[in-house]
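Okay, so here's the structure we're looking at.
The values are calculated or read from the model by the stated rules, or taken from the named source; none is laboratory data. What you are looking at is a predicted structure, and each value in this text was computed from that prediction instead of being measured. Note that we place each Cβ from the backbone using ideal geometry, even for glycine, and neighbour counts take in every protein chain shown.
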Amino acid sequence: MGFWDSIKADIKKGIDEGIHVVRESTSSVMERAEVLAEEGKKKIRAFEIKQKIQVHFTELGGKLYDLIDKKSKSPASHPSIKSLLKKIDQLKEQLTKLEEKIEPADKRESVKQSKTKKRAARKITVKKTASRKGTASREKAPSKK
């Protein structure tokens, strides 16, 4: 194999490796984007639930004020108050379940770091394998004489 053929092979190999890295990176970015989008959706849903709870608390406060202002003997037992408390409890339960599903930021970072370490380990393994193959072919060549 001539010098030009050797250069051409090295360039082709470099391009192929570059394309492989770009493909891996693209799929990793897409996976990460999907995960972050799902987390974002969950956080938006949690925010919406919190807003509903706030609206119900505001309404509850207004109704309690009216009942107390009217000198109601037991405002907490009034049907409209009980209804609002029930709605708030239901929303609180939904929020708790949703927040359990939302992955904490520190956990996401540890997962991201472990994936980066795995990729680095794969690259090292690929390089070692490639260098071993090259060494093996060089060692075999002299023994053929």
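A compact table of results
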quantity	calculated
Where ILE49 falls short, out of the listed (1) surrounded by 12 or more Cβ atoms within 10 Å (Cβ to Cβ); (2) over 21 Å from GLN94 (Cβ atoms); (3) modelled with pLDDT of 90 or more	(2)
Flag if GLY40 is in the same structural domain as THR96 (by TED's automatic domain parsing), at pLDDT 90 or above and farther than 30 Å from PRO104 by Cβ	no
Where SER72 falls short, out of the listed (1) surrounded by 14 or more Cβ atoms within 10 Å (Cβ to Cβ); (2) assigned to a helix (DSSP H, G or I)	(2)
Qualifying residue in region 24-43 (condition: surrounded by 12 or more Cβ atoms within 10 Å (Cβ to Cβ) and over 16 Å from the mean Cα position of the chain (by Cα))	yes
